[in-house]
Amino acid sequence: MKYFLCVVFLFASAMTLVNAAESENASPWEVKDAYLYCVEAYGDKDEKQLLDCVNEELAAGEYNTFKTLADVLAYIEKAD
């Protein structure tokens, strides 16, 4: 019985790790909304701060993040 419970626990743990590793991409509209929110909150002068803000918003929604602000803007272009 203990062996069975151990196997069930390990399986459940593995499934949790798989789900956590599978972040998905936000839609271009969601990224645009996050970007516009961050521009309104911080202005558009500091690119690093904008990128950090956008990535924090996306991470809160369990979406993949971006490496550069140029990547964010290129992705937003898909929405237009």
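Bear in mind that the values in this text are calculations on the coordinates, not laboratory data. Please read all numbers here as calculations on a predicted model, not as lab measurements. For neighbour counting, all protein chains shown are included, and Cβ atoms are generated from backbone atoms with ideal geometry for every residue, glycine included.
Each of residue 30 and residue 65 was given a label point 7 Å from its Cα along the Cα-to-Cβ line. The distance between the two points is 1.6 nm.
Both the radius of gyration and Dmax for segment 24-80 are 10.0, 29 Å, in that order, over alpha-carbon atoms. Straight-line cross-link partners of residue 67 among the aspartates and glutamates, defined as a Cα under 20 Å from its Cα and at least 8 positions apart when in the same chain: 22, 24, 30, 33, 44, 46, 47, 52, 56, 57, 77.
Look at 62, 24, 30, 57 and count the other Cβ atoms within 10 Å of each Cβ; fewest to most, that gives 24, 62, 30, 57.
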